[in-house]
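The structure under discussion appears below in the form of structure tokens.
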Amino acid sequence: MNRKAIQLAISTLIILLIGVIVLIAIIVAVKGGFKNLDAATEPFTDTAQSTAVKTACQQACQSEDKLTFCCQDYTVDNQEINCFDERLTISCDLECADDFCSEEP
């Protein structure tokens, strides 16, 4: 019995199996299959848009600009948010009345 031939066949099969798994992973990556993973690992506040909105809201709060802080809506990652959105984690003492934005100047 030739044992060398049997060992070569098993190692060849293992290498082929690993190669197929790697090939499938590359195809999935190229076709954009990891987009869900990317979206799940990037928190809302780590985007450039949300950082810019947070900075603008902090400046509006510091300058006591109620019109901008209370009434301005922003679009971040296709979501409408405003300065008092909890995800921005802004602490501000400005009070926004419910009908403040609907009042005419």
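Laboratory data are not the source of any read-out in this text; all were calculated from the coordinates shown. This structure is a prediction, so every number in the text was calculated from the model and none was measured. Note that each Cβ is placed from the backbone with ideal geometry, even for glycine, and that neighbours are counted across all protein chains shown.
Near residue 76, the amide H atoms lying under 5 Å from its own belong to 81; only residues 5 or more places off or on other chains count, and H is placed 1.01 Å from N. Relative to the current alpha-carbon distance between residue 49 and residue 17, full extension at 0.36 nm per residue lengthens the span by 7.2 nm.
For residue 59, the shell of other residues with beta-carbons less than 14 Å away shows a net charge of 0, using +1 for Lys and Arg and -1 for Asp and Glu.
Our estimate of slack between residue 59 and residue 91, defined as 0.36 nm per intervening residue step minus the Cα-Cα distance, is 10.3 nm.
Between residue 24 and residue 80, residue separation times 0.36 nm minus the direct Cα-Cα distance comes to 16.4 nm.
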